[in-house]
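Here's the structure, in C-alpha cells; my notes come after.
The values are calculated or read from the model by the stated rules, or taken from the named source; none is laboratory data. Quantities reported herein were computed from a predicted structural model and do not represent experimental measurements. So basically every Cβ, Gly included, is an ideal-geometry build from the backbone, and we count neighbours across all protein chains shown.
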Amino acid sequence: MLSFDVCECGAPLQRMERETPQPKGTEVVLRVLAAGVCHSDLHIWDGYYDIGGGQKLKLQDRGVKLPLTMGHENVGEVVAVGPDAKGVKVGDVRLIHPWMGCGECIVCKRGEENLCTKPCSVGIHRSGGFATHLLVPHPRYLFDITGIAPEKAAPLACSGVTAYSALKKVSDTLGQAPVVMIGAGGVGLMALALHRKMGGKAAIMVDIDPAKREAAKAAGASQVIDGAAKDAADQIRAATGGGAWAVIEIASREWSSSQLRISTSVPSVSGQWVKSACQHSLGCSAAKRM
Ligand SMILES: [Zn+2]
Ligand SMILES: [Zn+2]
C-alpha cells in the first residue's frame, strides 16, 4: 500500500510504501475512495495548535507521533474483513467514524469514544486516509452512505459532526428564531445546510470575507453580515429583532477573537453561545454558554 506521511513538520509529505495490512479479529481493511482535508490537518502539519495568547500546544503533548498518515474524513470500500468482523462484507462502501477511544473506559462504554482521555483517532493517533488503504479496528466505526457520493460523504466525519454537535446544542430555538453563525467557511456552510434540514427558521451568517459571504448567500443564508463592519453588532441586533437567541462560532481562533468582541456586544436575550471546533481540537468540540 501507499501512504503520504508527515515525517517532519512543515516539510512536504513523504510517499511511503509498505505491506497492505491483513485484518485480524474484528478488524476491517478498506481501500480509500475519498479523504477530506480538515483545517486541523494544517495544525498537525505545522506541529502545534495555536491556543491563543501566544501559547502553543505541541503535537507531542497530545500524544501525536511522527511519521503520521493524516486524514480523518474518509470513505472506503471494504477489501478484507477479519474472522470476527460482523455486519460488513467485501465491496461495501462505508464512511469511517474517526473519533476512536480506548474502548474500555467509562465514556467509551457509554458510546462517547470521542471524549476518551486515551484517544486513538484515525489520522491523528493512528494511520489515516491519505493512503490507498486503511485499517479499522471494528465494524462499529463504519457507516453506510448509500446514495451519497464518497467525496461528498467524507467531510461528514469531521466537518459534519462538528456542525451537527453545535446545532444540536441550540436545537430548542432553531425553529423559532434566527441563529447567528460566525464564520462561513467549510464547517460554516456545512452548518448552514444542516440547519435547514434540522428545521431551522433562518440563519444569519457573519464573515469578514466577501467571497465567503457570497457563498453563504448562495447556499441559502437568510442574511449575510460583514463581521469587520463597524456597525456589525448593530446589524446583528437589527437582523435578530433586538438580540440573538443562539450564536454559533465556527471560525479560526485568530479570526474569531476579533469576532468575539462583536458577539459579546450582541444583546443575547437569555441566549446560547456555542463555540464549535474540529472534534479533536483541544478536546473542546463545543462549549456552551448561557
Ligand atoms: Zn476510553
Ligand atoms: Zn477535522
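Listing for the model above:
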{"read-out": "Selection status of residue 218, surrounded by fewer than 19 Cβ atoms within 10 Å (Cβ to Cβ), modelled with pLDDT of 90 or more and farther than 23 Å from residue 171 by Cβ", "value": "yes"}
{"read-out": "Which listed residue, of 103, 10, 54, 47, is within 16 Å of ligand 1 (Cβ to nearest atom) and modelled with pLDDT under 95", "value": "103"}
{"read-out": "Test: residue in the stretch 161-181 that is under 28 Å from residue 79 (Cα atoms), within 16 Å of the chain's Cα centre (by Cα) and free of Cβ contacts under 8 Å to residues at least 40 places away in the same chain", "value": "no"}
{"read-out": "All positions within the stretch 105-154 that are away from ligand 2 (no atom under 16 Å from the Cβ), free of Cβ contacts under 8 Å to residues at least 60 places away in the same chain and over 16 Å from residue 33 (Cα atoms)", "value": "105, 106, 107, 108, 109, 110, 111, 112, 116, 117, 118, 140"}
{"read-out": "Flag if residue 89 is outside any strand (DSSP E or B), over 21 Å from residue 131 (Cβ atoms), more than 14 Å from ligand 2 (Cβ to nearest atom) and basic (Lys, Arg)", "value": "yes"}
{"read-out": "Selected residue (criterion: farthest from residue 151 (Cα to Cα)) from residues of the stretch 45-72 that are among the hydrophobic types (A, V, I, L, M, F, W, C) and outside any loop (DSSP other than H, G, I, E, B)", "value": "57"}
{"read-out": "Which listed residue is in the same structural domain as residue 145 (by TED's automatic domain parsing), outside any loop (DSSP other than H, G, I, E, B), within 16 Å of ligand 2 (Cβ to nearest atom) and modelled with pLDDT of 95 or more, from 42, 30, 95", "value": "95"}
{"read-out": "Given (1) surrounded by 14 or more Cβ atoms within 10 Å (Cβ to Cβ); (2) farther than 20 Å from residue 77 by Cβ; (3) of a type outside the set (Asp, Glu); (4) touching a residue at least 60 places away in the same chain (Cβ under 8 Å), index of the condition residue 36 fails", "value": "(2)"}
{"read-out": "Number of the exception - residue 173 against (1) of a type in the set (Val, Ile, Thr); (2) assigned by TED's automatic domain parsing to the domain that holds residue 21; (3) not in a loop (DSSP other than H, G, I, E, B)", "value": "(2)"}
{"read-out": "The stretch 110-151, residues that are at pLDDT below 95 and part of a helix (DSSP H, G or I)", "value": "113, 114, 115"}
{"read-out": "Failed condition for residue 7, given (1) of a type outside the set (Phe, Trp, Tyr); (2) surrounded by 19 or more Cβ atoms within 10 Å (Cβ to Cβ); (3) over 13 Å from residue 129 (Cα atoms)", "value": "(2)"}
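Here is a yes/no grid of residues against (1) of a type outside the set (Val, Ile, Thr); (2) buried (at least 17 other Cβ atoms within 10 Å of the Cβ); (3) free of Cβ contacts under 8 Å to residues at least 40 places away in the same chain; (4) in contact with a Leu (Cβ under 6 Å, 6 or more places away or on another chain):
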position	(1), (2), (3), (4)
22	yes, no, no, no
41	yes, yes, no, no
47	yes, no, yes, yes
54	yes, no, yes, no
57	yes, no, no, no
60	yes, no, yes, no
66	yes, no, no, no
87	yes, no, no, no
